[in-house]
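Asks: Can you keep this structure in mind? I'll have questions shortly.
The values are calculated or read from the model by the stated rules, or taken from the named source; none is laboratory data. Remember, it's a predicted structure, so these values are computed and weren't measured experimentally. With ideal geometry, Cβ positions are generated from the backbone for all residues, glycine too; neighbour counts draw on all protein chains shown. Ligands, DNA and RNA are excluded from the accessible area calculation, which covers all protein heavy atoms including side chains. Shrake-Rupley method; radii C 1.70, N 1.55, O 1.52, S 1.80 Å.
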Amino acid sequence: MNCFAELCGIHNVKRQRALEQTQALINAGGIELVRFAWCDLHGTLRGKTLVAAAAAKAMRDGVGLVSTLLLKDSSDRTAFKVFEAGGTAELPGFEFASNLLLLADPASFKQLPWTAATGWVQGQPWMQDGSAVELDTRRILQRALARLADAGYGMKCGLEIEFHIYRITGDGAEDQLDPDQAAWPGLPPKVAMIHPGYNLLSEQWFDMAEEPLRIVQHTAQALGLPLQSLEIELGPSQVEAVFDATDALTAADNMVLFRSAVRQALRRAGYHATFMCRPPFPCIMSSGWHLHQSLTDLHTGANLFQRDAPAAGAQPTDAQYTLSALGEHYLAGLLAHAHGMAVFCTPTINGYGRFRPNALAPQSVLWGRDNRGAMLRVVGQPGDAATRIENRIGEPAANPYLYLASQIHAGLDGITRQLKAPAATDAPYGDAAVKIPTSLGEALDALQADAVLADAFGHSFINYFTRIKQSEITRHAQAVDQDDWQRREYFNRI
């Protein structure tokens with residue numbers, strides 16, 4: 001073996017060429033540092049920063065990574081007792097805070113636009129013997145996509161992300177970095193709004209918020225992300241970014257990079273961006289992550305949800321008035337597993353406060369035609385190549401790899417069993433409908449009860465995921481001030 005990447009079975013002629021091209025870019029661009037980044041369970045980028053001279057070797061042989069990074073809860077506490085006998089019995093290879101190796105894809109190289117002479121590559125962790133780390137969430141999505149490909153399908157996704165941007169006030173950063181106020185988790189900054197809200201798509205509010213939105217625009221475009229629009233949302237200091245559709249893995253990668261990049265770029269300019277669903281202030285609007293999705297023919301790229309004309313005898317409330325038969329089965333699969341998938345779409349305690357009536361957020365397990373109150377919104381018309389399903393249950397803090405994987409496994413079950421969808425709703429907030437889980441604990445219970453999703457994700461992953469999220473629930477329940485707990489847990493970190 002010439003390098004660790006060969007032991008892992010991923011080094012080939014194509015990867016070698018990408019490595020050489022990236023080395024040339026590092027040399028030509030005057031790069032001094034290269035960040036090796038990896039997405040953790042909570043959708044946050046972590047990693048190590050190497051000097052440029054060490055980057056090429058690290059892309060061949062890996063970078064050491066402490067294995068407890070995969071065992072962290074949302075406060076960065078290790079949820080498993082790694083130094084006690086049997087503490088990681090169900091997770092062989094993770095005992096004693098042992099080493100993993102982070103192996104980056106040289107083709108992912110980007111030069112970061114907000115900091116000088118710094119490159120960035122995306123990596124995934126591997127065991128020291130060259131075997132895959134099966135708990136890695138990007139690998140979870142890769143396995144789901146392989147399963148989809150075995151059935152002859154690809155997946156296309158568009159991102160519609162609501163979030164909040166605030167201006168850090170004069171003493172905000174000073175308090176946050178005051179050693180006498182240090183805590184675990186630490187203080188978030190003190191902030192002011194960038195627009196007063198309650199004037200949806202206001203041109204005046206856009207003008208007021210233009211400086212931070214320009215930073216978002218320039219950062220996303222400099223990184224090659226397919227940004228389509230920036231919008232003023234209804235809530236105070238709330239904005240939205242919309243991205244063109246891409247293949248599913250690229251969409252998930254883009255989401256991870258976008259969140260991390262705009263937070264860093266805005267922070268340098270004196271702003272605080274948060275993807276927390278409900279920031280800790282009295283008058284806010286919840287943020288959602290609306291995931292647009294369709295299946296494509298793996299060979300032709302054709303949209304397999306599109307139909308040319310309504311099915312014979314179909315009424316507008318029937319799924320096959322708009323969707324193909326395959327699209328209806330996929331839609332029905334999403335409905336059938338709505339409870340089980342909820343925790344992957346909304347994985348924080350804070351996010352469940354969003355599911356309220358008449359709030360442009362779903363409350364029940366329903367679908368509708370162009371209905372923004374329904375959990376699943378079918379968008380398009382017969383003959384429309386952009387026909388798709390929009391899932392509105394997600395929060396912007398969700399790990400995108402798990403969010404997308406849950407859609408694939410649920411939809412494939414609907415296709416396999418040829419499930420039929422009920423009629424479209426015309427009353428998304430009616431009392432009779434089956435409700436979405438109302439808490440993180442309820443959502444975890446629903447996941448564990450969903451045998452199809454448990455089998456698809458793997459029981460070891462479900463147990464691991466549940467234990468880490470249960471740590472979050474336990475600490476919240478024990479908090480003296482639960483509002484302050486959420487402020488420290490989420491506002492500064494996601």
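Asks: Under 23 Å between alpha carbons, and skipping anything fewer than 8 positions from residue 72 in its own chain: which lysines qualify?
Replies: Output for residue 72: 48, 81, 469.
Asks: If you stretched the chain out fully between residue 6 and residue 416, how much longer would it get, using 0.36 nm times the residue separation minus the C-alpha to C-alpha distance?
Replies: 143.9 nm
Asks: If one computes the Cα centroid of region 207-278 and of region 385-426, what distance in Å separates the two points?
Replies: 24 Å
Asks: Still on this structure: Picking from 298, 168, 478, whose Cα lies most toward the positive end of the charge dipole for the chain (charges on Cβ: Lys, Arg +1; Asp, Glu -1)?
Replies: Among 298, 168, 478, the one farthest towards the positive end of the dipole of the chain is 298.
Asks: Here is a further query. Please state the charge dipole magnitude for the chain, taken about the Cα centre, from unit charges on C-beta atoms (+1 on K and R, -1 on D and E), reported in debye and rounded to the nearest 20. Present the calculation step by step, with values, prior to reporting the outcome.
Replies: Numbers: 42 positive and 52 negative charges, 123 e Å.
Magnitude of the dipole: close to 600 debye.
Asks: Round to the nearest 0.05 the FRET efficiency obtained for residue 61 and residue 96 when R0 = 22 Å and r is the Cβ-Cβ distance.
Replies: After rounding to 0.05, the efficiency reads 0.45.
Asks: At a 1.4 Å probe, what is the % contribution of carbon and sulfur to the accessible area of region 96-179? Numbers along the way, then the final one.
Replies: Working: 1620 of 3200 Å².
Of all accessible area on region 96-179, carbon and sulfur atoms account for 51 percent.
Asks: Calculate, for the chain, the solvent-accessible area per residue in square angstrom, rolling a 1.4 angstrom probe over the heavy atoms of the protein chains.
Replies: Per-residue accessible area for the chain comes out at 40 Å².
Asks: Hey, could you pull the Cα Rg and Dmax for region 132-180, both in Å?
Replies: 21.0, 58
Asks: Per DSSP H run of at least 4 residues, take -39500 (n - 2.57); add these up for the chain, divide by its residues and hand me the 222 nm value, nearest 500 deg cm²/dmol.
Replies: After summing the helix terms and dividing by the residues of the chain, the value is -10500 deg cm²/dmol.
Asks: Residues of region 268-301 with backbone nitrogen within less than 11 Å of a virtual label 7 Å along the Cα-to-Cβ line of residue 151, please, listed as ranges.
Replies: 295-296, by backbone N distance to the label point.
Asks: Provide the FRET efficiency to the nearest 0.05 for the residue 442-residue 54 pair, computing r from the beta carbons and using R0 = 41 Å. Could the numbers behind the result be given before it?
Replies: Details: r = 47 Å, r/R0 = 1.15.
According to the calculation, E is roughly 0.30.
Asks: Among the aspartates and glutamates, which fall within straight-line cross-link reach of residue 435, defined as a Cα-Cα distance under 19 Å, with same-chain neighbours fewer than 8 residues apart omitted?
Replies: 390, 395, 426, 445, 450
Asks: Return the percentage of antiparallel bridges among DSSP beta bridges fully within the chain, rounded to the nearest 5 %.
Replies: The antiparallel fraction comes to roughly 90 percent.
Asks: Using the Cα centre as the reference, give the magnitude of the dipole from point charges on the C-beta atoms of region 420-494 (Lys, Arg: +1; Asp, Glu: -1; all else neutral), rounded to the nearest 20 debye.
Replies: Rounded to the nearest 20 debye, it is 260 debye.
Asks: Which whole-number percent is the relative contact order of region 301-426 (Cα, under 8 Å, 6+ apart)?
Replies: This gives 35 percent for region 301-426.
Asks: Between residue 75 and residue 467, how many nm apart are label points set 7 Å from Cα along the C-beta direction?
Replies: With each label point 7 Å from Cα toward Cβ, the separation is 1.9 nm.
Asks: Check each of the GluC sites (Glu not before Pro) in region 31-117 and keep only those in coil by DSSP with at most 14 other C-beta atoms within 10 angstrom; list them in order.
Replies: 32, 84, 90
Asks: In 10 Å bins starting at zero, report the fraction of Cα pairs in the chain per bin as a rounded %.
Replies: For the chain, the binned pair fractions read 4, 18, 29, 28, 16, 4, 0, 0 percent.
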